[in-house]
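Visitor: Sharing a structure, written as structure tokens. Questions coming.
The values are calculated or read from the model by the stated rules, or taken from the named source; none is laboratory data. Predicted model, so just to flag it, every value in this text is computed and none were measured. Cβ coordinates were reconstructed from backbone atoms using ideal geometry, including for glycine residues, and neighbour counts include every protein chain displayed.
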Amino acid sequence: MSDLMKMTLAEAREGLRARRFSSAELAAASAAEIAKARPLNAFIVETPEIAAAMAAASDARLARGEGGALEGIPLGIKDLFCTKGIQTTAGSHILEGFKPVYESTVTQKLWDAGAVMMGKLNLDEFAMGSSNETSYFGPAVNPWRRGNDDAKLVPGGSSGGSAAAVAAELCFGATGTDTGGSIRQPAAVTCIAGIKPTYGRCSRWGIVAFASSLDQAGPMARTVKDCAILLREMAGFDPKDSTSVDLAVPDFEAACNAGVKGLRIGVPKEYRIDGVPAEIDALWEQGIAWLKEAGAEIVEVSLPHTKYALPAYYIVAPAEASSNLARYDGVKYGLRVENDDLTRMYEQTRAAGFGREVQRRILIGTYVLSAGYYDAYYLKAQKVRTLIAGDFKAAFEKCDALLTPASPSPAFGIGEKTNDPISMYLNDVYTVTVNLAGLPGIAVPAGISKDGLPLGLQLIGRAFDEETLFSAGSVLEKAAGFTGKPGRWWA
Amino acid sequence: MSESKMRGKLIEGVTGSWEVVIGLEVHAQVLSNAKLFSGASAAYGGAPNSHVSLVDAGMPGMLPVINEYCVEQAVRTGLGLNAQINKVSVFDRKNYFYPDLPQGYQISQFKQPIVGEGVVVVDLPGGESVEVGIERLHLEQDAGKSLHDQDPNATFVDLNRSGVALMEIVSRPDMRSSEEAAAYLKKLRAIVRYLGTCDGNMDEGSMRADVNVSVRRPGAALGTRCEIKNVNSMRFVAQAIEYEARRQIDVLEGGGSIHQETRLFDNKAGVTRPMRSKEEAHDYRYFPDPDLLPLEFDDAFIARIKATLPELPDAKKARFVSEYGLSPYDAGVLVAEREIAAYFEAAAKGRDAKAVANWVTGDLFAALNRDGKPIGESPVSADALGEMVGLIGDGTISGRIAKDVFVIMYETGERPAKIVEERGLRQVTDTGAISAAVDEVIASNPAKVEELAKKPKLIGWFVGEVMKKTQGKANPQAVNEALKAKLGHLLGE
């Protein structure tokens with residue numbers, strides 16, 4: 001393996017600026033790694049030619065002393081972001097072959113900053129899943145294994161391809177999206193960092209919608225600092241997204257060095273959940289100790305409505321999804337199963353085009369919005385959402401950020417939970433509250449399970465205070481001093 | 001006019017009288033260059049699918065962004081309807097599948113519309129007026145159009161209309177006859193046209209109505225209603241109501257019952273028919289659109305729009321009555337269209353306004369109607385008509401000659417003074433010439449003179465004869481005076 005790919009994004013950026021290597025070399029190294037790592041099934045589409053052309057252009061700009069903040073850096077793009085002229089599937093058969101004539105705002109900003117596109121990354125179908133197993137294009141595979149056991153493990157989801165690609169050092173960073181934990185949970189189980197910014201921080205324009213009031217794009221990378229560098233370029237007001245917020249984007253990278261001295265870190269007691277493995281609790285205690293040592297004050301806080309978060313999430317998200325996915329009807333683009341009868345065409349197209357999990361959520365969503373059920377489910381869930389946001393507001397009067405586990409378990413085996421949707425949904429138990437309240441949350445690699453698998457911690461911040469998360473996240477990352485890497489079994 | 005023009009018109013059935021109760025949901029296309037949530041053109045026509053943005057086509061990841069001008073237009077309309085303006089309103093998704101609905105849902109306003117309760121004063125043809133309550137006005141997107149006649153096997157879809165802003169204006173069930181419903185629609189159309197918020201063009205579909213009709217025994221509780229969808233002319237609205245009311249009465253009197261349903265008006269056959277039940281079995285699963293924040297604005301926004309409101313039909317009508325001394329009926333006719341009112345006021349400037357009103361609503365309307373021309377295309381300018389009324393007023397021409405002058409003006413577009421001069425139509429006021437003509441008529445009609453003593457009304461015949469002799473140019477008053485001078489003794493004067 002070329003040592004080039006072992007660098008962090010920040011190191012690659014410095015090397016490119018110092019002309020120690022070219023973007024073309026980086027792109028070639030990345031493409032070679034991606035090709036070798038096909039057993040990971042991280043990419044749905046590889047774009048080495050596009051990458052080579054973009055890298056050449058970056059090299060030309062760098063040679064002139066120009067270039068953006070990400071000039072020449074190879075990245076992977078979750079296949080939920082529409083990319084102009086490049087197949088965009090959302091991991092679904094129904095969009096197979098769909099090539100948008102437009103570029104999502106977030107990816108356009110990355111290209112404008114000079115980043116190099118390596119391809120489209122695997123994901124759970126329409127981002128619905130916590131293991132990447134619902135992808136029509138097959139599951140992405142976690143680069144990590146349990147000790148010497150060669151059973152394939154999930155990379156988490158829905159941004160499973162992104163997590164696998166970054167963890168396996170196929171590219172320097174990737175975009176993810178997070179509706180209920182889809183950046184943080186895969187980051188945690190693959191030993192990388194990932195941040196879901198505040199709702200409204202990144203534009204949703206051009207991202208295939210799952211649940212509009214919860215979806216948010218964010219970066220996934222090998223270090224907290226790399227995430228900070230990426231997020232600075234991804235974030236910003238977009239007049240094309242009515243829910244994006246017109247606020248200046250801070251220098252997140254600078255925040256990484258700010259430390260936690262004097263910060264009050266809240267520990268929500270309701271996040272101690274029965275049945276969660278002891279090693280998760282132990283990791284949490286370790287994280288508390290690290291932050292304390294670094295000068296933070298630890299306060300216990302209460303988020304009393306936490307237990308209602310998961311049920312509320314699994315009402316709101318499917319409800320919005322059932323409506324958002326109505327446009328995939330076989331009429332305009334994507335799959336169509338021909339039938340002379342219009343209703344049959346709809347039925348057969350959607351039956352063939354959507355996988356079981358997507359169908360399940362469309363049915364749940366349709367049900368909870370139906371006349372006679374709306375008040376009992378959707379409206380009630382929205383009230384719960386307001387209460388959860390209130391919980392956080394109260395907690396943030398006592399502290400500046402919250403520390404929690406990122407995932408209730410390390411990576412599990414492919415196929416282990418596919419027949420038990422409830423246990424699959426429980427993967428999001430620590431993360432969904434953050435989406436329901438629209439807050440930022442970061443997952444940071446922090447420990448190793450008894451099976452030798454990575455575990456992560458989560459920090460939750462006030463709205464639009466990602467900076468505190470980068471500060472505290474960097475402290476955790478440094479304290480954990482994580483150097484382990486997955487064995488390159490795929491190469 | 002007849003009883004049918006009166007409030008509370010009843011329909012006679014075989015078992016007694018019935019009252020018809022009508023409410024209208026009017027869809028009015030917002031006058032705006034761009035669509036409600038996209039920058040694509042909202043213009044009528046255009047090659048199929050030439051006014052379609054990525055948002056209108058429901059492409060993956062596309063998001064709606066509210067067009068502020070459409071919001072302004074809705075508020076302006078709400079103010080024109082004397083309605084409550086809601087500073088916070090919410091866009092909801094109305095979910096259903098149809099090929100011309102690319103998103104799989106229509107963005108509308110369900111629980112919290114932008115405009116609440118208001119009232120419209122409706123002028124009835126008899127001169128009476130009634131108040132029709134407005135329940136709400138909300139903004140929503142139009143759907144595209146399915147074209148079933150382009151191909152023997154396929155349906156084509158034109159998305160030009162997809163996403164165009166509509167105002168749905170919902171009335172209370174306050175109308176009691178087809179005439180009232182038509183008059184309400186006419187008034188609503190006048191108001192939105194005055195405001196410039198909708199062009200009111202029913203032929204192009206920029207205004208169409210869903211008509212709710214029920215019948216009941218006078219004074220009884222409301223009956224079950226049927227909704228007649230998408231009626232696109234005032235005449236059809238009236239016809240559909242007449243048919244539907246009669247149909248319901250026949251059903252009820254035959255021992256049947258009305259079940260709530262959606263019907264279509266077949267304007268060729270003049271009947272309403274039930275829509276296929278499949279199309280009405282929708283559960284629209286309304287919920288707030290998570291892509292859009294609640295729509296909020298402040299009092300200053302409303303005040304700014306209020307300051308730009310034009311004088312509306314009711315205020316203008318009142319002013320025409322007080323300022324020009326017109327009858328409420330004439331004033332009502334003149335204010336029905338902003339352009340007509342403007343024409344009248346231009347013509348009436350410095351003239352006998354009542355006379356101008358008579359000419360506008362009489363000869364001018366008759367000629368324009370005959371040719372199917374709007375007032376904007378009148379060959380007789382307001383200024384020219386005013387000039388002509390001036391010529392009558394100062395005695396240059398008689399009212400009778402003026403009728404001929406008007407016809408020439410209408411045909412040639414020439415100024416009345418020029419026509420009068422060139423054609424020698426100036427009124428004869430020379431008493432000598434009139435006197436001579438009177439003498440001549442008396443001399444050649446001794447029998448009539450004899451008759452006159454018994455039948456004083458015959459004097460009119462003499463006037464007519466004298467006018468004939470002078471080719472109508474004689475001043476009628478002078479003719480009268482001359483005749484009275486010479487024949488007055490026979491009339492016992």
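Visitor: Considering only residues that are over 18 Å from B:PRO113 (Cβ atoms) and in contact (Cβ under 8 Å) with a residue 12 or more places away in the chain, look in the range B:60-82 and name the one that is farthest from the other protein chains (Cβ to nearest Cβ). Steps first, please.
Guide: Taking the range B:60-82 as the starting set, the residues that turn out to be over 18 Å from B:PRO113 (Cβ atoms) are B:60-63, B:65, B:69.
Subset that is in contact (Cβ under 8 Å) with a residue 12 or more places away in the chain: B:63, B:65, B:69.
Values: B:LEU63: 5, B:VAL65: 5, B:TYR69: 15 Å.
Per the criteria, the residue is B:TYR69.
Visitor: Which count do you get for residues in the range A:347-381 that are basic (Lys, Arg) and closer than 15 Å to B:ASP283 by Cα?
Guide: Step one: filter the range A:347-381 for residues basic (Lys, Arg), giving A:350, A:356, A:360-361, A:380.
Narrowing further to those that are closer than 15 Å to B:ASP283 by Cα: none.
Counting residues in the range A:347-381 that are basic (Lys, Arg) and closer than 15 Å to B:ASP283 by Cα gives 0.
Visitor: Determine which member of the set A:THR47, A:THR83, A:THR8 is in contact with an Asp or Glu (Cβ under 7 Å, 6 or more places away or on another chain) and under 27 Å from B:MET62 (Cβ atoms).
Guide: Values: A:THR47 fails: in contact with an Asp or Glu (Cβ under 7 Å, 6 or more places away or on another chain); A:THR8 fails: under 27 Å from B:MET62 (Cβ atoms).
Answer to the check: A:THR83.
Visitor: Now for a separate question. Tally the residues that are under 12 Å from A:ASP451 (Cβ atoms) and modelled with pLDDT of 95 or more, restricting the search to the range A:147-159. Reasoning before the result, please.
Guide: First, pick out the residues of the range A:147-159 that are under 12 Å from A:ASP451 (Cβ atoms): A:147-149, A:151, A:153.
Still in the list and also modelled with pLDDT of 95 or more: A:151, A:153.
Here the count works out to 2.
Visitor: Just checking, does the range A:104-118 include any residue being surrounded by 24 or more Cβ atoms within 10 Å (Cβ to Cβ), among the charged types (D, E, K, R), at pLDDT 95 or above and touching an Asp or Glu at 6+ places or on another chain (Cβ under 7 Å)?
Guide: So far as the range A:104-118 goes, no, none of its residues is surrounded by 24 or more Cβ atoms within 10 Å (Cβ to Cβ), among the charged types (D, E, K, R), at pLDDT 95 or above and touching an Asp or Glu at 6+ places or on another chain (Cβ under 7 Å).
Visitor: Sort out which residues of the range A:436-479 are of a type in the set (Val, Ile, Thr) and within 23 Å of A:ALA317 (Cβ to Cβ), and write them in order of number. Please lay out each step first, then the result.
Guide: Step one: of the range A:436-479, the residues of a type in the set (Val, Ile, Thr) are A:442, A:444, A:448, A:460, A:468, A:475.
Within the range A:436-479, A:ILE442, A:ILE460 meet the criteria.
Visitor: Of all residues in the range B:8-20, count the ones that are assigned to a strand (DSSP E or B) and surrounded by fewer than 19 Cβ atoms within 10 Å (Cβ to Cβ). Before you say what the answer is, go through the steps one by one.
Guide: Quick first cut of the range B:8-20, residues assigned to a strand (DSSP E or B) only: B:10-13, B:16-20.
Cutting the leftovers down to surrounded by fewer than 19 Cβ atoms within 10 Å (Cβ to Cβ) gives us B:10-13, B:16-17.
Count: 6.
Here's the yes/no breakdown for (1) within 14 Å of chain B (Cβ to nearest Cβ); (2) not aliphatic (A, V, I, L, M):
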{"site": "A:ARG145", "(1), (2)": "no, yes"}
{"site": "A:ASN148", "(1), (2)": "no, yes"}
{"site": "A:SER158", "(1), (2)": "no, yes"}
{"site": "A:ALA163", "(1), (2)": "no, no"}
{"site": "A:PRO186", "(1), (2)": "no, yes"}
{"site": "A:ALA193", "(1), (2)": "no, no"}
{"site": "A:PRO197", "(1), (2)": "no, yes"}
{"site": "A:ILE207", "(1), (2)": "yes, no"}
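Visitor: Also, I was wondering about something else. Out of all the residues in the range B:341-353, is one or more within 14 Å of chain A (Cβ to nearest Cβ), in contact (Cβ under 8 Å) with a residue 12 or more places away in the chain and either touching a strand residue (DSSP E or B) at 6+ places or on another chain (Cβ under 6 Å) or not basic (Lys, Arg) (or both)? Show your work before the answer.
Guide: Here is the first cut: in the range B:341-353, the residues within 14 Å of chain A (Cβ to nearest Cβ) are none.
There is no residue in the range B:341-353 that is within 14 Å of chain A (Cβ to nearest Cβ), in contact (Cβ under 8 Å) with a residue 12 or more places away in the chain and either touching a strand residue (DSSP E or B) at 6+ places or on another chain (Cβ under 6 Å) or not basic (Lys, Arg) (or both).
Visitor: Only one residue in A:ARG64, A:ARG145 is surrounded by fewer than 19 Cβ atoms within 10 Å (Cβ to Cβ), out of contact with any helix residue (DSSP H, G or I) (no Cβ under 7 Å at 6 or more places or on another chain), over 24 Å from A:ASP238 (Cα atoms) and of a type in the set (D, E, K, R). Which one? Break it down into steps so the answer makes sense when it comes.
Guide: Numbers: A:ARG145 fails: surrounded by fewer than 19 Cβ atoms within 10 Å (Cβ to Cβ).
Testing whether each residue is surrounded by fewer than 19 Cβ atoms within 10 Å (Cβ to Cβ), out of contact with any helix residue (DSSP H, G or I) (no Cβ under 7 Å at 6 or more places or on another chain), over 24 Å from A:ASP238 (Cα atoms) and of a type in the set (D, E, K, R) leaves just A:ARG64.
Visitor: Now, a different point. Name the single residue that is farthest from the chain's Cα centre (by Cα) among those in the range A:353-372 being β-branched (Val, Ile, Thr) and away from chain B (no Cβ under 12 Å).
Guide: Within the range A:353-372, the subset β-branched (Val, Ile, Thr) is A:358, A:362, A:364, A:366, A:368.
Subsequent filtering for residues that are away from chain B (no Cβ under 12 Å) retains A:358, A:364.
Working: A:VAL358: 19, A:ILE364: 24 Å.
The selected residue is A:ILE364.
Yes/no per residue for (1) within 14 Å of chain B (Cβ to nearest Cβ); (2) buried (at least 24 other Cβ atoms within 10 Å of the Cβ):
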| position | (1), (2) |
| --- | --- |
| A:PHE210 | yes, yes |
| A:SER213 | yes, no |
| A:ASP241 | yes, no |
| A:GLU253 | no, no |
| A:VAL267 | no, no |
| A:ILE273 | no, no |
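Visitor: Moving to a separate point now. Between B:ALA47, B:ALA57, B:ALA43, B:ALA28, which is of a type in the set (Gly, Ala, Ser), surrounded by 19 or more Cβ atoms within 10 Å (Cβ to Cβ) and more than 12 Å from every other protein chain (Cβ to nearest Cβ)? Spell out the reasoning first.
Guide: Numbers: B:ALA47 fails: surrounded by 19 or more Cβ atoms within 10 Å (Cβ to Cβ); B:ALA57 fails: more than 12 Å from every other protein chain (Cβ to nearest Cβ); B:ALA43 fails: surrounded by 19 or more Cβ atoms within 10 Å (Cβ to Cβ).
After applying the criteria, what remains is B:ALA28.
Visitor: Does A:GLU279 satisfy being part of a helix (DSSP H, G or I), away from every other protein chain (no Cβ under 14 Å) and without any contact (Cβ under 8 Å) to a residue 40 or more places away in the chain? Before the answer, list the steps.
Guide: Working: part of a helix (DSSP H, G or I): yes; away from every other protein chain (no Cβ under 14 Å): yes; without any contact (Cβ under 8 Å) to a residue 40 or more places away in the chain: no.
It is false that A:GLU279 is part of a helix (DSSP H, G or I), away from every other protein chain (no Cβ under 14 Å) and without any contact (Cβ under 8 Å) to a residue 40 or more places away in the chain.
Visitor: Here is a follow-up. Among the listed residues B:LYS448, B:LYS457, which satisfies the condition of being under 22 Å from B:ALA482 (Cβ atoms), surrounded by fewer than 20 Cβ atoms within 10 Å (Cβ to Cβ) and touching a residue at least 12 places away in the same chain (Cβ under 8 Å)?
Guide: On the way: B:LYS457 fails: touching a residue at least 12 places away in the same chain (Cβ under 8 Å).
Selected residue: B:LYS448, the only one of B:LYS448, B:LYS457 that is under 22 Å from B:ALA482 (Cβ atoms), surrounded by fewer than 20 Cβ atoms within 10 Å (Cβ to Cβ) and touching a residue at least 12 places away in the same chain (Cβ under 8 Å).
Visitor: Among the residues of the range A:324-341, are any over 30 Å from B:VAL157 (Cα atoms) and more than 14 Å from chain B (Cβ to nearest Cβ)? Outline the logic, then answer.
Guide: Residues of the range A:324-341 over 30 Å from B:VAL157 (Cα atoms): none.
No.
Visitor: Is at least one residue of the range B:408-419 free of Cβ contacts under 8 Å to residues at least 12 places away in the same chain, under 27 Å from B:ALA336 (Cα atoms), in a helix (DSSP H, G or I) and outside the structural domain of B:LYS486 (by TED's automatic domain parsing)?
Guide: Within the range B:408-419, none of the residues are free of Cβ contacts under 8 Å to residues at least 12 places away in the same chain, under 27 Å from B:ALA336 (Cα atoms), in a helix (DSSP H, G or I) and outside the structural domain of B:LYS486 (by TED's automatic domain parsing).
Visitor: Determine which single condition B:PRO290 fails, assuming it passes every other condition in (1) away from chain A (no Cβ under 14 Å); (2) over 24 Å from B:GLU19 (Cα atoms); (3) surrounded by 18 or more Cβ atoms within 10 Å (Cβ to Cβ).
Guide: In the conditions (1) away from chain A (no Cβ under 14 Å); (2) over 24 Å from B:GLU19 (Cα atoms); (3) surrounded by 18 or more Cβ atoms within 10 Å (Cβ to Cβ), B:PRO290 misses (1) alone.
Visitor: Of the conditions (1) in contact (Cβ under 8 Å) with a residue 24 or more places away in the chain; (2) assigned to a loop (DSSP other than H, G, I, E, B); (3) within 14 Å of chain A (Cβ to nearest Cβ), B:LYS94 satisfies every one except a single condition; which number is it?
Guide: (2)
Visitor: Scan the range A:46-60 residue by residue and report those that are more than 13 Å from A:LEU26 (Cα to Cα) and either in contact with a Cys (Cβ under 6 Å, 6 or more places away or on another chain) or touching a residue at least 40 places away in the same chain (Cβ under 8 Å) (or both).
Guide: Across the range A:46-60, the qualifying residues are A:GLU46, A:THR47, A:ILE50.
Visitor: On to the next question. Give all pairs with beta carbons closer than 7 Å in which a residue from the range B:307-331 that is under 20 Å from B:LEU185 (Cα atoms) meets a residue that is loosely packed, with under 13 Cβ neighbours inside 10 Å and hydrophobic (A, V, I, L, M, F, W, C); count only pairs at least 6 apart in sequence or on separate chains.
Guide: Partner pairs satisfying both residue conditions: none exist.
Visitor: Filter the range A:82-109 for residues that are in contact with a Gly (Cβ under 7 Å, 6 or more places away or on another chain) and at the interface with another protein chain (Cβ under 8 Å from one of its Cβ atoms) and give the result.
Guide: Across the range A:82-109, the qualifying residues are A:CYS82, A:LEU95, A:PHE98, A:TYR102, A:SER104.
Visitor: Which of the residues belonging to the range B:92-130 are surrounded by 24 or more Cβ atoms within 10 Å (Cβ to Cβ), under 31 Å from the mean Cα position of the chain (by Cα) and farther than 30 Å from B:ALA336 by Cα?
Guide: The answer is B:GLN109, and nothing else.
Visitor: While we're on this one: Tally up the residues in the range B:293-324 that are touching a strand residue (DSSP E or B) at 6+ places or on another chain (Cβ under 7 Å) and within 14 Å of chain A (Cβ to nearest Cβ), please. Outline the logic, then answer.
Guide: Residues of the range B:293-324 touching a strand residue (DSSP E or B) at 6+ places or on another chain (Cβ under 7 Å): B:294-296, B:302, B:314.
Now drop any that are not within 14 Å of chain A (Cβ to nearest Cβ), which leaves B:294-296.
Looking only at that region, the number is 3.
Visitor: Among the listed residues B:PHE320, B:PHE287, identify the single one that is outside the structural domain of B:VAL170 (by TED's automatic domain parsing) and either over 30 Å from B:ASP352 (Cα atoms) or within 32 Å of the chain's Cα centre (by Cα) (or both). Even if it seems obvious, please write down each step before you answer.
Guide: Numbers: B:PHE287 fails: outside the structural domain of B:VAL170 (by TED's automatic domain parsing).
When all the criteria are applied, what remains is B:PHE320.
Visitor: Does any residue of the range B:105-127 turn out to be in contact (Cβ under 8 Å) with a residue 24 or more places away in the chain, within 14 Å of chain A (Cβ to nearest Cβ), of a type in the set (Val, Ile, Thr) and assigned to a loop (DSSP other than H, G, I, E, B)?
Guide: no
Visitor: Here's another thing I want to ask about it. So which residues in the range B:141-170 are charged (D, E, K, R) and buried (at least 21 other Cβ atoms within 10 Å of the Cβ)?
Guide: First, the residues of the range B:141-170 that are charged (D, E, K, R): B:142, B:145, B:149, B:151, B:158, B:161, B:168.
Those that are charged (D, E, K, R) and buried (at least 21 other Cβ atoms within 10 Å of the Cβ): B:ASP142, B:ARG161.
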